[in-house]
1. Looking for something surrounded by 12 or more Cβ atoms within 10 Å (Cβ to Cβ), modelled with pLDDT under 85, outside any loop (DSSP other than H, G, I, E, B) and touching a helix residue (DSSP H, G or I) at 6+ places or on another chain (Cβ under 8 Å) - is there at least one such residue anywhere in segment 47-54?
2. Only one of these is surrounded by fewer than 16 Cβ atoms within 10 Å (Cβ to Cβ) and modelled with pLDDT of 90 or more: ASP39, ASP93, ASP99. Name it.
Amino acid sequence: MATRISVSVKGLFGLDEPERLLDELAARTRLSWHQQEVDQEKNLGGIVEIVLIAVVTKTADMTVEAAVQAVKDVIGRWREERLDPPEASIRTDPEPQSDDGATDAEGLDG
């Protein structure tokens, strides 16, 4: 069984901040992360929402609990570095499997 970790961040962003956050999450968790687009216009210095997703499989080097704690650490530190910290939430959900046993998600590790 695989578990999807979703991080939703809503607030003020610079142009390269989502990519930098993805890189930090990947380095800390050793998982492949990708950004899922949210239906809204991107604008310079405006309020935007991004959703970052990774999938932890039972064969991954890191347990789900350890991965979630690492994500909380990264997001917490990232928010503390900002004068106006964005809202952030972390969610875990079981990842559905197809008939051949593979998960239906991108960013799969393990």
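1. Within segment 47-54, the subset surrounded by 12 or more Cβ atoms within 10 Å (Cβ to Cβ) is 47-54.
Then drop every residue that is not modelled with pLDDT under 85, which leaves 47-50.
Cutting the leftovers down to outside any loop (DSSP other than H, G, I, E, B) gives us 47-50.
Those still in the list that are touching a helix residue (DSSP H, G or I) at 6+ places or on another chain (Cβ under 8 Å) too: 50.
Among the residues of segment 47-54, at least one is surrounded by 12 or more Cβ atoms within 10 Å (Cβ to Cβ), modelled with pLDDT under 85, outside any loop (DSSP other than H, G, I, E, B) and touching a helix residue (DSSP H, G or I) at 6+ places or on another chain (Cβ under 8 Å), which makes the answer yes.
2. Details: ASP39 fails: modelled with pLDDT of 90 or more; ASP99 fails: modelled with pLDDT of 90 or more.
Going through ASP39, ASP93, ASP99 in turn, just one is surrounded by fewer than 16 Cβ atoms within 10 Å (Cβ to Cβ) and modelled with pLDDT of 90 or more: ASP93.
The values are calculated or read from the model by the stated rules, or taken from the named source; none is laboratory data. Model, not experiment: these values are computed from the prediction. Quick reminder, even Gly has a Cβ in these numbers, built from the backbone with ideal geometry, and neighbours come from all protein chains shown.
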